[in-house]
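**Q** Submitted below is the structure of interest, expressed as structure tokens.
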Amino acid sequence: MGIVTNALSEVLRKSLDLKAWLYFGVLWFIESIALLLLLVPFAVVLAVFLFSSGFFDNTSSAFDILSSLMPFFVVLGLIGVIVFFGLFVFFEGMELHFSREFLSGKKRSLTKALSLAFQRAKQRFWVMFGTKIIISLIMLAILGVLFAVFVLPVLFHFLPLIEASSTNYSALIGSFFSMFLYVLVVVLVLVVALFLLNPFFVLGLQVSLFEDKGIIESVKRTIRLGKSNYFLNLSFLFLFGLVIALIYCFISVIEMFPYLLIGFLVIGSASNVGLMLFIILWSLVFFIVRLLYIFWTGVVQPFFMAKIYELNIVEEKGH
């Protein structure tokens, strides 16, 4: 457990470095520009198809036109998902590369760090892309099986009951409530299952980026490392998630404190004006705090992903 807490402490400490914040700020700005540039051709193609179909001419029903264009929307949507998925994988690779080098203590200028991260992500892009898709499909397949086993039977069980009790209001409410509780429990089970599966696959992007392997070999090695260091990964994931959640809860509790004072307000008193100004200022401050928290979580997450890979490599060499 000591190795996990020490690693987490290092991740949290390094994630507060202003140089890391500067790097990620520049990288996310570039990513936003790339995202906007990719949106332009999709918007142009969509506009061309809508104009050519007579959507804006009021000569045909808009519903009929949209229905006839449904295959086009499906194809365009699939292409968009693939393209933007690839974009996010590429920039995630850049984030991981920088995070690993930063954690190792390498001193590089901002432009040099960006250049090296870009070159490595470019070199390993298709392997990262393929590995990410395969691992995502594996996890979706497992969750799909769990859904089919736990959710579909209850739907087949409750739907006839709901139909039979459609004329009985109290019975109908009871059936809906029972189904809601069951589905809620199943959702919690699926969330727990996803958490327990994550240690097997959490290293997919790291292996495909940092190691010179093909897609299939990267997937196999990801699962092999996850299986060998399952409890190490699980404990690190749990502690990291716990820290993130606790910080969020702390911010939320402190943010809500002044609003508890509203109950003591008496309309028209001078003190209330001051208190309301204090609450407005407090809200503004915590709006900034929340923005900083969101930015920090974006910085600390790739640091964590890079560190959990390093822990697995250290454990592998130790054995």
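The numbers here are math on the coordinates, done by the rules we state, and not lab data. None of these values were measured; they are calculated from a predicted model. Note: ideal-geometry Cβ built from the backbone for every residue, glycine included; neighbour counts use all protein chains shown.
**Q** Lys and Arg at +1, Asp and Glu at -1: add these up for the other residues within a Cβ distance under 13 Å of Asn312 and post the number. List each step's numbers first, then the result.
**A** Working: positive: Arg100, Arg221, Arg224, Lys227, Lys307, Lys317; negative: Glu211, Glu310, Glu315, Glu316.
So the environment of Asn312 carries a net charge of +2.
**Q** Listed highest first by mean packing, meaning other Cβ atoms within 10 Å per residue, what order do 223-229, 239-245, 93-99 come in?
**A** Details: 223-229: 17.7, 239-245: 14.7, 93-99: 25.7.
Packing order, densest peptide first, comes out as 93-99, 223-229, 239-245.
**Q** Please list, in order along region 29-36, the HN-Hα scalar couplings obtained from phi with the Karplus expression 6.51 cos²θ - 1.76 cosθ + 1.60 (θ = phi - 60°), rounded to whole Hz, x for Gly and Pro.
**A** 5, 4, 5, 5, 5, 4, 5, 5
**Q** Each label point is 7 Å from the Cα along the Cα-to-Cβ direction; what then is the distance between the points at Ser9 and Leu181, in nm?
**A** According to this spin-label approximation, the distance is 4.6 nm.
**Q** Rank by packing, highest mean first: peptides 118-130, 20-32, 202-214, with packing defined as the count of other Cβ atoms within 10 Å averaged across residues.
**A** Numbers: 118-130: 17.5, 20-32: 15.9, 202-214: 22.2.
The most tightly packed comes first, giving 202-214, 118-130, 20-32.
**Q** Highest first, please rank the peptides 140-148, 299-307 by the mean number of other Cβ atoms sitting within 10 Å of their residues.
**A** Values: 140-148: 12.4, 299-307: 22.7.
Highest to lowest by the protection proxy: 299-307, 140-148.
**Q** Let me check I've understood the local charge: for Ser99, count other residues with C-beta under 14 angstrom from its C-beta, Lys and Arg +1, Asp and Glu -1. What total comes out? Show your work: numbers first, answer last.
**A** Numbers: positive: Arg13, Lys14, Lys19, Arg100, Lys106, Arg108, Arg120, Lys307; negative: Glu10, Asp17, Glu92, Glu95, Glu101, Glu310.
Result for the neighbourhood of Ser99: +2.
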